[in-house]
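Asks: Just passing along the structure, written as structure tokens.
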Amino acid sequence: MSVLDPNRFAGPAEAALLRDDIAADEVVRAALRERAKHAHTTLHDANEAVRAAREAAASAQQSVDHITQLEHAVDGRLAVAWGLVHPIRRLPDELLAMIFERRRLSFTLAAVCRRWRRVALSTPALWTIVSCSVRNFHDIEAEQNYVSYLRCYLDRSANRPLNVTIEYFAESCAARGLLWPAISDLYRRSRTFYFWSCEDTTSNLEIHLSSRAPHLRELHIDNTEFPDAPKTPLRLVLNTPRLKKFECRGSLSLWSGAVTSPSVRTVAFNTEEFHVRDMVALFRCFPNVVHLDVNVFNELSSLVPVAIRANRLESLTIRLSYGVKDITLAQSFSFPSLQEACVEMGDVGELHADATSTFIRSAFATVTTLRFEDCVADGTCSALRSCSQLEDLWLTCHRFRHEIEDTITALSAPDPSGAWMCPRLRSLTISVRETSNRLVEKLTALATARRITAPSGPPSALEKLTVVFDGDSWREHAPSLQLQNQLYTILQSL
């Protein structure tokens, strides 16, 4: 129906139609009102149900909260009751202190209860292990917190020797004079002192490591993590009469010419630079060193003759990035007591065979165990003829080069005079990346010539010949396993 114009009077025909429409609309309106009444009733019932549900939920929540409160109260009473009857309460303070010493959680144990705090504070041994990670700070209050933490150990350990580990992440300009004196006091009381830093702390270390540390047995310095900073050498004047082990990584270490540490037996250096003068100074400063581990990242050379001698050195691990190319320097090494050596030489192709051979002859003539890591350099074969005491040899080669082939060949037969190279050799390990027919042939001949039943073999038979292949899957590689089994069978044959 079109919209009606209310500003007129309907005619007879239109009025009749309108009356029919009015009657129909009255019926529809009555029906809609009945539906609206029913909808209002439904909405009211729903609101009443929601209100009742909310009241029920609130009542249930109150019940839950009350029950939970009662449960916590019971748990508290049970914890107290079980604690009162726990066997640990029967332990005397002396046994409790012994247990604390094994846990080494000083601050945690001291915070459990009044009795444990009293026992912890009266147990000096509990406070002898100090571990502190110093983060960056910018105000004196933060620095004072670190100082207070460190001095707790100093005060509560009752002058006992300490085992100290300091990780120093703060910028060198952060400390304002309070922290480093505390670190110095810890150092003077230390039995072991580990210092790791990612900042250039050489100036502070020089000052505070010059203090007398009468109990110090082990000293470890690692300040390798500041590659962009100037390479400042660390000048050390150690006053440590009982020091046994010294390790240094990062900064080049220099020693005072008048100071020696005769008590030191183990030394390890992995520094940015290490020259001939540093090696001479090392053996002068540590005249009784027994075990030495050193990395040399620069080329060793000397314009004047030197004597690099360590009378008591028994074990040496040395990594020479550029090998030894100076034959005068190569013959300057003398280690008359050396028993074990591990040597790694880089840039094999550039090495001089004569210098390498001379270096091995002068440095390793007395060893019983010798390990060549990375590669076998030219000159090794001729040098091994001077290693008459050698019993255990490890040779590494990425490829089956002529030098290792010549070495295996020389080990497989006596020379024209009847003398065997390495006559006391009992164990030989060959580390390679892959097998080859030539390698199999040479190793088979070696095992046959030096087996225990060889008719004219060396004075000591070869008891173990091991081939190590690089890679994770070599143990499942059939040819590799076959070769190893074949060599074992030859050595054990009667």
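The values are calculated or read from the model by the stated rules, or taken from the named source; none is laboratory data. Predicted model only: the values in this text are computed from it and were never measured. Using ideal geometry, Cβ is built from the backbone for each residue, glycine included, and neighbour counts are taken over all protein chains shown.
Asks: Which of the following residues is out of contact with any Cys (no Cβ under 7 Å at 6 or more places or on another chain), in contact (Cβ under 8 Å) with a residue 24 or more places away in the chain and buried (at least 17 other Cβ atoms within 10 Å of the Cβ): Arg451, Arg424, Arg371?
Replies: When all the criteria are applied, what remains is Arg451.
Asks: Something else about it: If you take the residues of the range 203-242 that are farther than 17 Å from Ala182 by Cα and of a type in the set (Val, Ile, Thr), which of them is modelled with the lowest pLDDT?
Replies: Going through the qualifying residues, I end up with Thr224.
Asks: Restricting to the range 169-183, name every residue that is at pLDDT 80 or above, in a loop (DSSP other than H, G, I, E, B) and farther than 14 Å from Phe195 by Cβ.
Replies: Correct list: Leu178 only.
Asks: Something else: Take the range 297-330 and flag every residue that is in contact with a helix residue (DSSP H, G or I) (Cβ under 7 Å, 6 or more places away or on another chain), polar (S, T, N, Q) and crowded, with 16+ Cβ neighbours inside 10 Å.
Replies: Of everything in the range 297-330, just one residue is in contact with a helix residue (DSSP H, G or I) (Cβ under 7 Å, 6 or more places away or on another chain), polar (S, T, N, Q) and crowded, with 16+ Cβ neighbours inside 10 Å, namely Ser302.
Residue-by-condition table, conditions (1) of a type in the set (D, E, K, R); (2) modelled with pLDDT under 90; (3) under 15 Å from Arg189 (Cβ atoms):
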site: Asp93; (1), (2), (3): yes, yes, no
site: Thr108; (1), (2), (3): no, yes, no
site: Trp116; (1), (2), (3): no, yes, no
site: Leu121; (1), (2), (3): no, yes, no
site: Cys132; (1), (2), (3): no, no, yes
site: Phe137; (1), (2), (3): no, yes, no
site: Ala142; (1), (2), (3): no, yes, no
site: Arg151; (1), (2), (3): yes, no, yes
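Asks: Go through Ser362, Ser386 for me and flag whichever is out of contact with any Asp or Glu (no Cβ under 7 Å at 6 or more places or on another chain), closer than 20 Å to Leu292 by Cα and in contact (Cβ under 8 Å) with a residue 12 or more places away in the chain.
Replies: Ser362
Asks: Can I ask one more? For the range 119-127, indicate whether the set of residues that are in contact with a strand residue (DSSP E or B) (Cβ under 9 Å, 6 or more places away or on another chain) and either closer than 26 Å to Thr240 by Cα or exposed (fewer than 13 other Cβ atoms within 10 Å of the Cβ) (or both) is non-empty.
Replies: Yes.
Asks: Among the residues of the range 81-118, how many are surrounded by 15 or more Cβ atoms within 10 Å (Cβ to Cβ) and of a type in the set (Lys, Arg)?
Replies: Number satisfying all stated conditions: 1.
Asks: Of the conditions (1) surrounded by 17 or more Cβ atoms within 10 Å (Cβ to Cβ); (2) of a type in the set (Lys, Arg); (3) touching a strand residue (DSSP E or B) at 6+ places or on another chain (Cβ under 7 Å), Arg156 satisfies every one except a single condition; which number is it?
Replies: Unmet for Arg156, out of (1) surrounded by 17 or more Cβ atoms within 10 Å (Cβ to Cβ); (2) of a type in the set (Lys, Arg); (3) touching a strand residue (DSSP E or B) at 6+ places or on another chain (Cβ under 7 Å): (3).
Asks: OK, next. For Arg424, work out the one condition from (1) within 40 Å of the chain's Cα centre (by Cα); (2) at pLDDT below 85; (3) more than 22 Å from Cys397 (Cβ to Cβ) it doesn't fulfil.
Replies: (2)
Asks: Please tell me if Glu391 is buried (at least 17 other Cβ atoms within 10 Å of the Cβ), of a type in the set (D, E, K, R), farther than 20 Å from Val294 by Cα and within 35 Å of the chain's Cα centre (by Cα).
Replies: Here the answer is yes, as Glu391 does meet what is asked.
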